[in-house]
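Undergrad: One structure follows; several queries about it will come next.
The values are calculated or read from the model by the stated rules, or taken from the named source; none is laboratory data. Just so it is clear, the structure is predicted and the values come from calculations on it, not from any experiment. Note that we place each Cβ from the backbone using ideal geometry, even for glycine, and neighbour counts take in every protein chain shown. SASA here: full protein model, heavy atoms, side chains in, ligands and nucleic acids out. Shrake-Rupley method; radii C 1.70, N 1.55, O 1.52, S 1.80 Å.
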Amino acid sequence: MAGRPRSVLYKPTADSILAEVERRKGCPWYTYFPTEGPLRRELYPKHIAFFAAGAKWRQRALLAANRSGKTQSAAYELVCHLTGEYPSWWIGRRFDKPVECWGAGDTGQTTRNILQVALLGPTSVIDNRQWAGMIPAAMVYDISRKAGIPDAVSTIWIRHKSGGISTIDLLSYDQKREAFQGTAKHVIWLDEECPPDVYGECLMRTMTTDGLVMVTFTPLQGLTPFIADWLSKSVLEVIDPTTGQSQLAPARQEVFGGDMGDVEKLPQVDGEQAGLTRYTVMATWDDCPHLSAEAKSAMLAEYPPYQRDARSRGIPALGSGVIYPVPESEIKIAPFAVPDHWPRGFGLDLDAGAGWTAAVWVAHDRETGVYYVYDVYKRGHAEPSVHATALKSRGEWIPGVGDAAGLQVTAHDSQQYLTIYRQLGIDLILPDKSVESGIQTVWELLSSGRLKFFASCGPLFDEYRMYRRDDKGRIVKQHDHAVDALRYILKAGLSRMKTRPGTEKKTIRDRFSGMADHAQSWLR
């Protein structure tokens, strides 16, 4: 078929109606979210909330666990818009005319295997056109094939109840930003997180139509820049499972327990008044009655511990390339007053073109062998005197190890930066910058339970969640200033740590050693 089909009014016959009744029994669009039964609509409040939010929010995300029905839910809503047919209970956005849409995934193959299959059915139906997906078979007017990918579809034309034709083009992020330029769109469905430049183009395509952008994904890569940016601009709908009542709260604060720096200061919101323009709802396995307890236990046992929150709850905690696969719940503790007799030191990553200066303070409980990260400082684009004042405010007597952060920084440059800080009264030496060795040191302390972070160290937790390797095993050099400072102090600064002057206190071992010496002298 060449070009776009013209608007054609569909006129069913008696035989086609009978055939349609039989076909509908196998079409998920007619069977999903029923009023009654074990999978009735009221048991899926998160999914229904996602639909309802479309009436107000142009940008929405269903941040959900694996097998939670996020893809099928987005496909369900998209079919409503494409056909103009909405269930009687629908309170979300409605379009009364044919719509132009996009659907996109990571690659051409994943778009075919996920979005296309959800809309049309298995790839085996492409040749015989026995559609078995979310789009009712009678509403599929035509398709065009995608070149270069077997059984892949490029465009689907769908009959709209007005008599017109709706269109959805299936794209992929690996086609790059240029593929997402062009005409205005009414609805765009992005399955899995996408590159920021692609998302920006999609947002532009919906501006003149007051259109919708829907994002559905499981955050297996951890707190990536895309997710961090999304959550910082989004409200999260929190639904009480017992009462069904809901409220909107700043997403990053709600997801990570209020340790996100300035985000903590945002009030409970009703949307725009807090400057938040996106909507998020999170669906866990507990929100999915179609998953049995046995199935959930079996699936959870198959995943490593650091992926379980993402897989089962949709929480972007630790990604697949995570460097320190230790859940925050195992290292985060409530702050307490650090005893004066505990040795302290700090690691420092200086701004030498990287944009940020970060420092991490560590205290050592010598009786238990546990190290505590009790304070973090992070600031961008400021003079050394400003940073020095902040460092000295934590205690001028505390020694540190530090290096300059920048792609073109030589050993001589680093030494010059340290000289500046020494002249400003900071006790500082260059660290051992062996990256892999330093990572191993931090990992050994984390995995053995001998390294804890105060919950107040928000900037460090922010980087901890994003510190990862790419698919080639290389460390992603972004948002890593505080974690680099942590590596410096733990790898090269422990021997420099000092107690507050005049407050040295002996450990239990030291006290027993002194008692033994006294006893021996008495015997002599």
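Undergrad: Does Asp197 count as free of Cβ contacts under 8 Å to residues at least 24 places away in the same chain and within 20 Å of Trp102 (Cα to Cα)?
TA: yes
Undergrad: Can you pull out the residues in the stretch 161-174 that are open to solvent by less than 30 Å² (accessible area, probe 1.4 Å) and outside any helix (DSSP H, G or I)?
TA: Passing the criteria: Gly163, Gly164, Ile165, Ser166, Thr167, Ile168, Leu170, Leu171, Ser172.
Undergrad: Would you be able to say whether some residue in the stretch 231-238 is small (Gly, Ala, Ser), open to solvent by 40 Å² or more (accessible area, probe 1.4 Å), closer than 20 Å to Leu62 by Cβ and in contact (Cβ under 8 Å) with a residue 12 or more places away in the chain?
TA: So far as the stretch 231-238 goes, yes, one or more of its residues are small (Gly, Ala, Ser), open to solvent by 40 Å² or more (accessible area, probe 1.4 Å), closer than 20 Å to Leu62 by Cβ and in contact (Cβ under 8 Å) with a residue 12 or more places away in the chain.
Undergrad: Which of the following residues is in a loop (DSSP other than H, G, I, E, B), farther than 21 Å from Glu201 by Cα, open to solvent by less than 10 Å² (accessible area, probe 1.4 Å) and modelled with pLDDT of 95 or more: Ile158, Ile135? Lay out the reasoning, then the answer.
TA: Working: Ile158 fails: in a loop (DSSP other than H, G, I, E, B).
Only one candidate qualifies: Ile135.
Undergrad: Among (1) without any contact (Cβ under 8 Å) to a residue 12 or more places away in the chain; (2) open to solvent by 40 Å² or more (accessible area, probe 1.4 Å), where does Thr208 come up short?
TA: The failed condition is (1).
Undergrad: Could you pull out the residue among Thr209, Thr216 that is among the hydroxyl-bearing types (Ser, Thr, Tyr) and in a strand (DSSP E or B)?
TA: Selected residue: Thr216, the only one of Thr209, Thr216 that is among the hydroxyl-bearing types (Ser, Thr, Tyr) and in a strand (DSSP E or B).
Undergrad: Does Ser88 qualify as being over 30 Å from Met299 (Cα atoms), among the polar types (S, T, N, Q) and touching a residue at least 40 places away in the same chain (Cβ under 8 Å)?
TA: Values: over 30 Å from Met299 (Cα atoms): yes; among the polar types (S, T, N, Q): yes; touching a residue at least 40 places away in the same chain (Cβ under 8 Å): no.
For Ser88, the condition - over 30 Å from Met299 (Cα atoms), among the polar types (S, T, N, Q) and touching a residue at least 40 places away in the same chain (Cβ under 8 Å) - is not met.
Undergrad: Might you let me know whether the stretch 91-107 holds any residue that is open to solvent by 40 Å² or more (accessible area, probe 1.4 Å), acidic (Asp, Glu) and in a strand (DSSP E or B)?
TA: Checking the stretch 91-107: at least one residue is open to solvent by 40 Å² or more (accessible area, probe 1.4 Å), acidic (Asp, Glu) and in a strand (DSSP E or B).
Undergrad: Go through the residues of the stretch 39-52 one by one and say whether even a single one is crowded, with 17+ Cβ neighbours inside 10 Å, more than 21 Å from Asp210 (Cβ to Cβ), within 29 Å of the chain's Cα centre (by Cα) and without any contact (Cβ under 8 Å) to a residue 40 or more places away in the chain.
TA: The answer is yes, given that some residue of the stretch 39-52 is crowded, with 17+ Cβ neighbours inside 10 Å, more than 21 Å from Asp210 (Cβ to Cβ), within 29 Å of the chain's Cα centre (by Cα) and without any contact (Cβ under 8 Å) to a residue 40 or more places away in the chain.
Undergrad: If Ile114 meets every condition in (1) over 26 Å from Trp157 (Cα atoms); (2) open to solvent by 20 Å² or more (accessible area, probe 1.4 Å); (3) of a type in the set (A, V, I, L, M) apart from one, which number is that one?
TA: (1)
Undergrad: Of everything in the stretch 428-442, what is touching a residue at least 12 places away in the same chain (Cβ under 8 Å) and either under 11 Å from Gly493 (Cβ atoms) or in a helix (DSSP H, G or I) (or both)? Give them in sequence order.
TA: Start the filter on the stretch 428-442 by keeping residues that are touching a residue at least 12 places away in the same chain (Cβ under 8 Å), which leaves 428-435, 437-439, 441-442.
Within the stretch 428-442, Leu428, Ile429, Leu430, Pro431, Asp432, Val435, Ser437, Gly438, Ile439, Thr441, Val442 meet the criteria.
Undergrad: Pick out the one residue from Gly244, Gly257, Gly182 that is modelled with pLDDT under 85, more than 13 Å from the chain's Cα centre (by Cα), open to solvent by 40 Å² or more (accessible area, probe 1.4 Å) and closer than 30 Å to Pro98 by Cβ.
TA: Gly182
Undergrad: Still on this model: Hey, Asp471 hits all of (1) part of a loop (DSSP other than H, G, I, E, B); (2) at pLDDT 90 or above but one; which does it fall short on?
TA: Unmet condition: (2).
Undergrad: What pairs come up if the first residue lies in the stretch 322-335 and is at pLDDT below 85 and open to solvent by less than 40 Å² (accessible area, probe 1.4 Å), the second is acidic (Asp, Glu) and outside any loop (DSSP other than H, G, I, E, B), and their beta carbons are under 8 Å apart, counting only those six or more places apart or on different chains?
TA: Final answer for the pair search is Pro327/Asp309.
Undergrad: All but one of (1) surrounded by 19 or more Cβ atoms within 10 Å (Cβ to Cβ); (2) outside any loop (DSSP other than H, G, I, E, B); (3) modelled with pLDDT under 95 hold for Ala74; state the number of the condition that does not hold.
TA: Ala74 satisfies every listed condition except (3).
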